[in-house]
Each structure stands twice: as C-alpha cells, then as structure tokens.
1. Just need the relative contact order of the stretch 48-122 here, percent rounded to a whole number, with Cα pairs under 8 Å and 6+ apart.
2. How large is ³J(HN,Hα) for each residue in the stretch 54-62, as worked out from phi by the Karplus curve 6.51 cos²θ - 1.76 cosθ + 1.60 (θ = phi - 60°), to whole Hz, x for Gly and Pro?
3. If only Cα atoms are counted, what is the Rg of the stretch 49-132, and what is its Dmax, in Å?
4. List every residue whose amide H lies under 5 Å from the amide H of Asn48, counting only residues 5 or more places away in sequence or on a different chain, with H placed 1.01 Å from N in the peptide plane.
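Since every read-out is calculated from the coordinates, none of them should be taken as a lab result. Quick caveat, the model's predicted, so the values are computed rather than measured.
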Amino acid sequence: MSSSYPPQYPGPNEPNPYQAPPPPPPPSYAPSMPVTGYAPVGVVSQRNSGLAITSFVLALVSFCGFGILTSIPAVICGHLALSKISQSNSAIGGRGLAMAGLIIGYIVIALNIIVAIVLLAAPGLLTPTTGQ
C-alpha cells in the first residue's frame, strides 16, 4: 500500500479537490423586442383622475340611500372626469371609474323619477287604510 498518513493536502497553487465548483455564469437572454434603434420605453403607471374617483364614490353613496342628493353630483363629476381623461392623451387614468359613476348615477336618477311618478300617480298609496 502506498498511501501515506496523514493525507497530503494540495499546495497553494494547486486546485483544492474539496472546494465547491464556481457557480455557472448567468444565462444570456435574447432581446424580447426587435431592435429598432430606439431605447425601450418603461411602463409608466397612470394615476386615476380624482374626479373619476369622486364620481364613483358619490354614485355608490347615492345607490345606498342618498338618492338625488349625491347622484346628480356623481353624474357631473363623471362627465368632467371623462372630458379631462380624453384631453390628457392617456396621461390620466380612471375611465372605468368615471363610467361606473355615470352609469350608477343615471340609474339612481331614473329610479328616483320612477318612484316620484308612481307616488304622484297613486296618492292613496302612502295613506294607511282602515279595515272598514
């Protein structure tokens, strides 16, 4: 047997057989977009219009029982928000909120008009009847 005790360790210039191998180099990624000579544009986050948020909140409050008091301002804010959003060339977001505020506001206004017509057409509807 030609093994010697204690085992011989490698010198300072020899590779260490007990050391972990170095990590592999990072993978190279191909560009996901064709190269057109322009720098890639990052994603810009849109801020929602304050009027659109206000329109939506007022419409929800009107739907929950405040009726005409908040549905008319919801419709006004919704139209103003849509106007500003379309003028901003996509710099301002919130079109969906403004549309939802308009739709809910108009529905609440229509329901209030229907209830008013029914109550005016049938005046005895609200008076209690006696059992005679």
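1. In percent, rounded to a whole number, it is 40.
2. For the stretch 54-62, the Karplus curve yields 4, 4, 5, 5, 4, 5, 5, 5, 5 Hz.
3. Rg and Dmax of the stretch 49-132, Cα atoms, are 17.4, 69 Å.
4. Gly93
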